[in-house]
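Read the structure below first, then the notes.
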Amino acid sequence: MSVHDSFLMKGFVMPRDSEGTIKHVQNAKIVLFGTEVDLSATETKGNVLIKSAEELMNYSKSEEEAMDKCVREIVEAGVNVLIAQSTISDMALHFCERNKLMVIKCPSKFEIARICKLTGATALARFGAPLPEEVGEADLVSVDEVGGTNCVTITRDSLEQTRVSTVVLRSSTANRLDDLQRAVEDGVNIYKQIVKDSRLVAGGGACELRLAAELKDLANKTPGLEQYAIRKFGEAMETIPRTLAENAGQDTTSTVSNLYAAHAAGNLNHGVNIEQAGTLDMVEAKIFDHLVTKKEAIRLSAEAAITVLRVDTIIMARQSGGPDPNRAPGD
């Protein structure tokens, strides 16, 4: 199994099995329940006096008839797939099996929201027959084995565009699969940000080094003690290019020095070249960072540093321990 076996599907995939024996449903009509699939119980406690075996049979039979009626009403509404977020009683599962109703348990609110978005169904807060507009649709709901794990797949291939799609990643090792997942999530998130704001900056530590150089120039022009704080803030900006150089197995000091020299020569887009020693024009190499992401990272890190400094100041400003000066001798 390799990365090339990964694929994109029009639909949603859940890494779990169905509750019953029904595993495949074509032209699915789906109902979702946000509550437990069971008959409602009263909040008050009561005692039932049963005097004979016939009364015991009738008592159990009435409960079964009520459940059978409720399940048949759901089936008569055209539903052939039932998805529940909470528990599913054994009795409800038994009558769902008798009425050829596929049952899936989905405890995740995130997955329930995605299924509603994909199928057009409405998550119901009551157990009972749904209205026609509350029923969702799908081309196929099936349980398929993916990498040794049973997964429920809800597909809508008949639509040209779907509101929900799923990327199924395949790999030979779990570590590589985690790396692929992070790469896909980062790519999706950055695309979402680019749609909102398309401004980019040079990557590879070029932006941070430019900020460090400008802050150091500002520190040299600032009188008083503030210049030291500005200079230290500029040195903190060197963390990104230093980390990139260290991960590439390069000497961090010489790499940062080469970047400063390149920027001083007017090559403001040069960043760390991780393939070989030296610098590289990030714009020509098409290596960019998103402006909003970079801006928020700097803002949040600055707020964190200010918060720590404020806490240190409060601790230092507290009165030290010792005898109470207002206390009279002998008290």
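Name, by its number, the condition in (1) among the β-branched types (Val, Ile, Thr); (2) in contact with a Pro (Cβ under 7 Å, 6 or more places away or on another chain); (3) open to solvent by 60 Å² or more (accessible area, probe 1.4 Å) that does not hold for Val256.
(3)
Within the range 208-226, track down each residue that is out of contact with any Gly (no Cβ under 6 Å at 6 or more places or on another chain), under 16 Å from Tyr260 (Cβ atoms) and open to solvent by less than 30 Å² (accessible area, probe 1.4 Å).
Listed by number, the residues that qualify are Glu208, Leu209, Ala213, Ala219.
I'd like to check something: does the range 203-224 contain any residue that is of a type outside the set (D, E, K, R), touching a Pro at 6+ places or on another chain (Cβ under 6 Å) and either under 24 Å from Thr253 (Cβ atoms) or not in a helix (DSSP H, G or I) (or both)?
Yes, the range 203-224 contains a residue that is of a type outside the set (D, E, K, R), touching a Pro at 6+ places or on another chain (Cβ under 6 Å) and either under 24 Å from Thr253 (Cβ atoms) or not in a helix (DSSP H, G or I) (or both).
Does the range 156-196 hold any residues that are under 30 Å from Glu137 (Cα atoms), in contact (Cβ under 8 Å) with a residue 40 or more places away in the chain and open to solvent by 100 Å² or more (accessible area, probe 1.4 Å), and which are they?
If the condition is that a residue be under 30 Å from Glu137 (Cα atoms), in contact (Cβ under 8 Å) with a residue 40 or more places away in the chain and open to solvent by 100 Å² or more (accessible area, probe 1.4 Å), then Asp157, Arg163 are the ones that fit.
Just checking, how many residues over the range 109-163 are in a loop (DSSP other than H, G, I, E, B), among the hydrophobic types (A, V, I, L, M, F, W, C) and touching a Gly at 6+ places or on another chain (Cβ under 7 Å)?
Initial filter on the range 109-163 (in a loop (DSSP other than H, G, I, E, B)): 120-122, 125-131, 135, 147-148, 156-163.
The next check asks that each one be among the hydrophobic types (A, V, I, L, M, F, W, C); those that pass are 121, 125, 127, 129, 131, 135, 159.
Checking the rest, the ones that are also touching a Gly at 6+ places or on another chain (Cβ under 7 Å) come to 121, 125, 135.
Total satisfying the criteria: 3.
A quick yes/no check of all residues on (1) small (Gly, Ala, Ser); (2) over 30 Å from Arg242 (Cα atoms):
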| position | (1), (2) |
| --- | --- |
| Leu101 | no, yes |
| Glu137 | no, yes |
| Ser142 | yes, yes |
| Gly147 | yes, yes |
| Glu160 | no, yes |
| Val168 | no, yes |
| Ser172 | yes, yes |
| Ile190 | no, no |
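Restricted to the range 65-89, and to residues that are among the acidic types (Asp, Glu) and surrounded by 13 or more Cβ atoms within 10 Å (Cβ to Cβ), which residue is modelled with the highest pLDDT?
Once the filter is applied, the top-ranked residue is Glu73.
Report the residue count in the range 276-303 for those that are open to solvent by 80 Å² or more (accessible area, probe 1.4 Å), acidic (Asp, Glu) and within 32 Å of the chain's Cα centre (by Cα). Steps first, answer last, please.
As a first pass, look at the range 276-303 and keep what is open to solvent by 80 Å² or more (accessible area, probe 1.4 Å): 276-277, 284, 286, 288, 295, 299-300, 303.
Among the residues that remain, those that are also acidic (Asp, Glu) are: 284, 303.
Still in the running and within 32 Å of the chain's Cα centre (by Cα): 303.
Result for the range 276-303: 1.
In the range 180-197, what residues are within 15 Å of the chain's Cα centre (by Cα) and either among the charged types (D, E, K, R) or not in a helix (DSSP H, G or I) (or both)?
Passing the criteria: Arg182, Glu185, Asp186, Lys192.
Given the criterion part of a helix (DSSP H, G or I), in contact with a helix residue (DSSP H, G or I) (Cβ under 9 Å, 6 or more places away or on another chain), open to solvent by less than 80 Å² (accessible area, probe 1.4 Å) and more than 24 Å from His290 (Cα to Cα), identify the matching residue among Ala229, Ala261.
Criteria check complete, one pass: Ala229.
Could you list all residues from the range 90-132 that are of a type in the set (S, T, N, Q) and loosely packed, with under 14 Cβ neighbours inside 10 Å?
Ser108
Go through the range 133-145 and report how many residues are of a type in the set (A, V, I, L, M) and open to solvent by 40 Å² or more (accessible area, probe 1.4 Å).
So the answer is 1.
The values are calculated or read from the model by the stated rules, or taken from the named source; none is laboratory data. Quick caveat: nothing in here was measured; it's all calculated off a predicted structure. Every residue, glycine among them, receives a Cβ derived from its backbone with ideal geometry; neighbour counts consider all protein chains shown. Please note that ligands, DNA and RNA were not included when accessible areas were found on the heavy atoms of the full protein model with its side chains. Shrake-Rupley method; radii C 1.70, N 1.55, O 1.52, S 1.80 Å.
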